[in-house]
Amino acid sequence: MSRTRFQRSALTLALTTALAALAAPAFAAPTISRLTPPSNALGQTVNTLARFLPGQRFDLQATVRPEAGKSITKVQFLVDGNSVATLNAAAPVTSAATSVFSGKTSLVPASAITAAAPGSVAASVRAYSNATAGVHTLTAIATQSDGTTTTSTGNFEVIGITAQGRPAKNIVIFLGDGMGAAHRTAGRILAKGYAQGKAKGLLAMDTFPFTGMVMTASLDSIVTDSAPGMANYVTGNKANNNQEGVFPDDTTDTFDNPRIEYLSEFLHRTQGKSLGVVTTSDVFDATPAANAVHTSNRGNGTGIVDQFFDDRAQTGLTVLMGGGRKWFLPNAGNSTSPQPANGSQRRTSSDYVLPSDIVTGWSAAPGALDAGRDLIADFQGAGFTYAATKTDLDNAGTPDKLLGLFSYSNMNVSFDKINGRRGTSSVVNDYGFPDQPMLDEMADKALNVLKKNPNGFVLMVEGASIDKQAHLMDTDRWMLEVLEFDRAIQKAKDFAIANPDTLVIVTADHECSGAALIGASLLTNAALQAKASGSHTTADQRDAVVGNYEAAKFPSYAIQADGYPATTDIDNKLLVGYGANADRYETWLATAQPTQDSQQPFVGASPLNTYPANPNVRNSDTGVFITGQVAGQQAVHTATDIPLSAFGRGSSLFTGVMDNTDVFFKLGQAAIGGVK
């Protein structure tokens, strides 16, 4: 591949000696301690770890540690023996704050190298791509100030696309956060019921004709968190826990990690597709952010929402809906105490400014530390229609671009929203947002906005609080979250039937809580309620309550016209146990108030401060104590494989057992090469 091709990439040599490393340990020779993209060692069953679509962009990087008293003067990158870039330092680097930018000629202070790599150099080639299918050898050669060199070799693979015609114009990804097989089954029992061993109906996701199982591990653990759990699906590469759209590196700047081009970015750049992101969580949260934002810290809320907007030209962002208004409201004084009266949690400490090589190489916005930014006004100024309530959403018509922010942080769950609409609960009023849409209402609106693009779209719809309520072991609430999620899936299925060039997949990023459907209550609801004022012993609230095997029979719930049960506290209700649980008190009954959400800006104020603080105090006066399998106050994710179901054009690709990164290449095949 010619040198000319890579002159469009920004080439960076970030030369840094840590201030804390004045007495750095002596090394016999320079070493390359990290080569990115990461590779497996030769001889392993899977030699190529990093995989990309033809032309998909990603960064090359090497962390080089010089011998004590020496400096790195040059780093060269080669692919298949052909030089990609040679990065030269203008002079030996002795300062802890010197960076040399080559190719686009800029000199800026370097990010500090972490203590794990004192005195090292981070050399980067931004936005590299390769169009040739097959395994490629990546080599980095570093030269020290005394002329000594060191070499490191890795590899990556470009996965070819087979031209089969009939590509999928629209891709809809439904991500039930934390939703394992047990969660799906519970939703079916709740919504449809069973009789004589047969389900009386199917969920919308059950009707999808193709189903497989997904292995969910992240780059650094068998148990993923939601950031790589989502990102792995839409980059084709493993990421570390807490990281979104990036490979790990050795710098302390959480926004300068080596990037990987997202599905949304790739298809917007190559096909002009739009991006929609719809969630019931705060929009800064891991799953929504891991479709468009590049950072190694999923908690950087200010920078994450800013990057959604700032890089909309790269992702094609057209629809963004969920909670999270606290990140969009200006915080003029960058105040942390007291909490700004408008609910803003914008902070310069969680904002971003990018180094110039990323700006140039990726055509990215540079960013700014601007806690006082009015991001809603910026969206509106860019042509987005803004909806703050369901009423606003209903009245918005079908705009060209849509921003919906329906709460300060995570939206209220369907259990509380539905009971608020029915007039039987004050929870949504307590939160201050009584007029929130349901997920199916948001998904339907998003589909109608996005279909205006003749080039198609990528839409991610997240049922976020399946996970959040499973963490809290709030069984009744997460079960209704599955129903809300499935109602949104039905909207997409109907859309795909009307628009047969649409592919819809339903999956999860991981399983949460080790949920297990252990049986059903032996008691009527009245008798179970009476247990709350009893002895709270294992004999009284477990042995006398939990019915297994044939004693469980078939729980039957009355579904109302709004699609949800009249109540979840029925005679002989479905019971759920947890294999990844923290300590809790169990009554087997729904709680009138949800557990406190620490992400809400006013959670410490009345009446939210009267809600249960966590599961190990919730129901402490009315339930039996159950010892957890894990430390802490919440249940945790598990490494269990999770189901994936597919409908529409390209759905036949999604069968068997697959890695989460495999899903990306199946989506790529459907969108680019098509299916027969």
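The values are calculated or read from the model by the stated rules, or taken from the named source; none is laboratory data. This is a predicted model, so every value here is computed, not measured. Counting neighbours? That spans all protein chains shown, and the Cβs are built from the backbone with ideal geometry, glycine included. Ligands, DNA and RNA are stripped out before the accessible areas are found, and what is left, the full protein with its side chains, is counted by its heavy atoms. Shrake-Rupley method; radii C 1.70, N 1.55, O 1.52, S 1.80 Å.
Summary of values
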read-out: Boolean, residue 251 is open to solvent by less than 30 Å² (accessible area, probe 1.4 Å) and either β-branched (Val, Ile, Thr) or touching a Lys or Arg at 6+ places or on another chain (Cβ under 7 Å) (or both); value: yes
read-out: Counted residues, region 633-648 - those being open to solvent by 50 Å² or more (accessible area, probe 1.4 Å) and under 17 Å from residue 581 (Cβ atoms); value: 4
read-out: Residue among 310, 285 that alone is under 19 Å from residue 442 (Cα atoms) and in contact (Cβ under 8 Å) with a residue 24 or more places away in the chain; value: 285
read-out: Residues located in region 552-603, provided they are surrounded by fewer than 18 Cβ atoms within 10 Å (Cβ to Cβ) and of a type in the set (Lys, Arg); value: 553
read-out: Exclusive hit being open to solvent by 10 Å² or more (accessible area, probe 1.4 Å), modelled with pLDDT of 95 or more and in contact with a helix residue (DSSP H, G or I) (Cβ under 8 Å, 6 or more places away or on another chain), set 503, 517; value: 517
read-out: Residue tally, condition part of a loop (DSSP other than H, G, I, E, B) and either on the phi > 0 side of the Ramachandran plot or among the basic types (Lys, Arg) (or both), over region 563-591; value: 4
read-out: Residues of region 463-477 that turn out to be of a type in the set (D, E, K, R) and touching a Pro at 6+ places or on another chain (Cβ under 6 Å), as a count; value: 0
read-out: Selection within region 374-386 - touching a residue at least 40 places away in the same chain (Cβ under 8 Å) and open to solvent by 40 Å² or more (accessible area, probe 1.4 Å); value: 374, 378
read-out: Residue within region 608-618 that is farther than 21 Å from residue 536 by Cα, assigned to a loop (DSSP other than H, G, I, E, B), open to solvent by 20 Å² or more (accessible area, probe 1.4 Å) and in contact (Cβ under 8 Å) with a residue 12 or more places away in the chain present; value: no
read-out: Strands (runs of 3 or more DSSP E) (entirely within region 125-197) containing at least 3 residues that are under 27 Å from residue 637 (Cα atoms) and either in contact with a strand residue (DSSP E or B) (Cβ under 8 Å, 6 or more places away or on another chain) or of a type in the set (Phe, Trp, Tyr) (or both); value: 170-176
read-out: Among the residues listed as 541, 529, the single one being in contact with a helix residue (DSSP H, G or I) (Cβ under 7 Å, 6 or more places away or on another chain), part of a helix (DSSP H, G or I) and polar (S, T, N, Q); value: 541
read-out: Qualifying residue in region 257-277 (condition: closer than 22 Å to residue 410 by Cβ, among the polar types (S, T, N, Q) and outside any loop (DSSP other than H, G, I, E, B)); value: no
read-out: Hits in region 438-473 - residues which are part of a loop (DSSP other than H, G, I, E, B), in contact (Cβ under 8 Å) with a residue 40 or more places away in the chain and open to solvent by 10 Å² or more (accessible area, probe 1.4 Å); value: 451, 452, 453, 455, 472
read-out: Hits in region 338-348 - residues which are assigned to a loop (DSSP other than H, G, I, E, B) and either open to solvent by 10 Å² or more (accessible area, probe 1.4 Å) or farther than 27 Å from residue 402 by Cβ (or both); value: 338, 339, 340, 341, 342, 345, 347
read-out: Test: residue 110 is part of a strand (DSSP E or B) and either at pLDDT 70 or above or surrounded by 21 or more Cβ atoms within 10 Å (Cβ to Cβ) (or both); value: no
read-out: The listed residue being buried (at least 23 other Cβ atoms within 10 Å of the Cβ) and in a helix (DSSP H, G or I), out of 486, 494; value: 486
read-out: Subset of region 311-337 (residues that are out of contact with any Pro (no Cβ under 6 Å at 6 or more places or on another chain), more than 20 Å from residue 234 (Cα to Cα) and either among the basic types (Lys, Arg) or open to solvent by 10 Å² or more (accessible area, probe 1.4 Å) (or both)); value: 325, 327, 329, 330, 332, 333, 334, 335, 336, 337
read-out: Tally, over region 389-412, of residues that are of a type in the set (Gly, Ala, Ser) and surrounded by fewer than 17 Cβ atoms within 10 Å (Cβ to Cβ); value: 2
read-out: Where a residue in region 409-432 is farther than 16 Å from residue 595 by Cβ and its partner, wherever it lies, is open to solvent by 20 Å² or more (accessible area, probe 1.4 Å) and charged (D, E, K, R), with Cβ under 8 Å and at least six apart; value: 418/562; 421/562; 422/562
read-out: Selected residue (criterion: modelled with the lowest pLDDT) from residues of region 49-105 that are aliphatic (A, V, I, L, M), more than 29 Å from residue 134 (Cα to Cα) and buried (at least 20 other Cβ atoms within 10 Å of the Cβ); value: 93
read-out: So residue 325, is it within 22 Å of residue 259 (Cβ to Cβ) and charged (D, E, K, R); value: no
read-out: Among residues of region 649-668, those that are open to solvent by less than 20 Å² (accessible area, probe 1.4 Å) and either over 30 Å from residue 167 (Cα atoms) or in a loop (DSSP other than H, G, I, E, B) (or both), counted; value: 2
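Let's see how each residue does on (1) part of a loop (DSSP other than H, G, I, E, B); (2) under 14 Å from the mean Cα position of the chain (by Cα):
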residue	(1), (2)
253	yes, no
288	no, yes
298	yes, yes
314	no, no
335	yes, no
